[in-house]
């Protein structure tokens with residue numbers, strides 16, 4: 001998606017070691033018009049998968065997931081990383097390694113909002129190693145839901161996440177695929 | 001706002017001790033159409049305050065803030081509770097007591113995205129004791145920004161937050177004001 005790529009080139013920063021800073025328009029400051037455009041594009045790409053719910057992980061998945069959900073007319077559930085007091089004691093919980101924090105984080109969903117028979121579309125900000133998305137897939141599967149698609153705003157193809165997720169057999173759509181971040185460069189390329 | 005009140009009565013739950021569970025449409029599962037309607041209403045109420053940026057706190061402020069920002073055509077900044085590695089070492093940081101966790105949490109904003117001269121509209125999910133919003137106000141003031149308005153989806157008038165914030169002299173708008181949660185009731189009333 002050209003608009004997102006141009007914004008990454010203009011306001012993104014390669015901090016080295018594969019870390020892309022997009023705090024100016026996605027992860028700390030958010031450009032709602034850009035998110036809305038990305039949501040519209042995800043909605044277009046996933047309009048025929050028959051999703052009944054969008055699943056994401058707090059925190060930075062929330063903005064793109066809600067934008068997509070608005071265009072598809074679907075509810076969003078975001079996995080929590082800490083169990084709030086409003087959540088029942090019995091939950092779906094899995095662990096996923098945090099790419100940027102170097103620790104394992106919990107992904108927690110209340111069974112109230114993830115039920116058997118749902119058709120889940122996962123939307124997140126990044127597809128890198130794929131481990132967070134794989135954690136969301138485990139939660140959906142544990143609930144007896146079926147996965148129908150995976151979308152990410154930005155994919156770092158050199159981290160191998162797509163290879164990890166491909167066996168799931170669902171469409172994987174990224175709006176901007178970065179094939180190299182050597183030096184201080186940000187190089188876009190094909191997503192496959 | 002009648003649509004929000006009806007939804008609270010239908011899907012909200014009074015868990016006792018002043019805790020209102022709205023996990024089914026705001027805080028864990030999100031109804032994007034309802035958020036969009038709330039955002040449109042905030043945009044209508046704050047259209048003349050001259051805001052240049054919307055400020056909120058992760059996590060559950062993000063959805064209403066982005067919905068409002070889309071209708072006002074403004075960027076959103078959400079205060080982080082943990083400093084990500086993409087953030088510079090010098091930050092704006094304040095502490096605020098977490099109502100539901102019983103501990104102090106950090107609210108952190110990068111100076112890159114909160115600058116002197118901005119006109120800040122704060123949007124959050126709840127106005128209860130007002131301490132989180134007061135923390136956001138401190139951050140805005142420290143940055144040299146001016147506050148132009150405060151909006152909350154749901155206000156619990158019996159927790160006194162409005163009295164705390166009134167001396168700031170800006171419009172305070174809540175879309176649903178709960179005046180009593182005695183027993184298992186949820187009673188709406190006037191916001192002042």
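The values are calculated or read from the model by the stated rules, or taken from the named source; none is laboratory data. For clarity, every value in this text was computed on a predicted model and none was experimentally measured. As a convention, Cβ positions derive from the backbone with ideal geometry for all residues, glycine included, and neighbour counts pool all protein chains shown.
Some observations on this one:
- The range A:113-135, residues that are in contact with a strand residue (DSSP E or B) (Cβ under 7 Å, 6 or more places away or on another chain) and closer than 15 Å to residue A:51 by Cα: A:113, A:114, A:118, A:119, A:120, A:121, A:122, A:123
- Residue among A:108, A:133, A:122 that is more than 8 Å from chain B (Cβ to nearest Cβ), within 16 Å of the chain's Cα centre (by Cα), crowded, with 18+ Cβ neighbours inside 10 Å and in contact (Cβ under 8 Å) with a residue 40 or more places away in the chain: A:122
- Check on residue A:24, assigned to a loop (DSSP other than H, G, I, E, B) and over 15 Å from residue A:124 (Cα atoms): no
- Given (1) assigned to a loop (DSSP other than H, G, I, E, B); (2) crowded, with 16+ Cβ neighbours inside 10 Å, number of the condition residue B:94 does not satisfy: (1)
- Among the residues making up the range A:40-57, those that are within 27 Å of residue B:113 (Cβ to Cβ) and either surrounded by 24 or more Cβ atoms within 10 Å (Cβ to Cβ) or at pLDDT below 95 (or both) are A:42, A:54, A:56, A:57.
- Taken as a whole, the range A:72-83 holds at least one residue that is over 24 Å from residue B:20 (Cα atoms) and free of Cβ contacts under 8 Å to residues at least 24 places away in the same chain.
- Boolean, residue B:148 is buried (at least 20 other Cβ atoms within 10 Å of the Cβ) and either over 18 Å from residue B:41 (Cα atoms) or touching a residue at least 40 places away in the same chain (Cβ under 8 Å) (or both): yes
- Flag if residue B:53 is in contact (Cβ under 8 Å) with a residue 24 or more places away in the chain and within 9 Å of another protein chain (Cβ to nearest Cβ): yes
- Total residues in the range A:68-94, condition within 23 Å of residue A:150 (Cα to Cα) and facing chain B (nearest Cβ under 8 Å): 9
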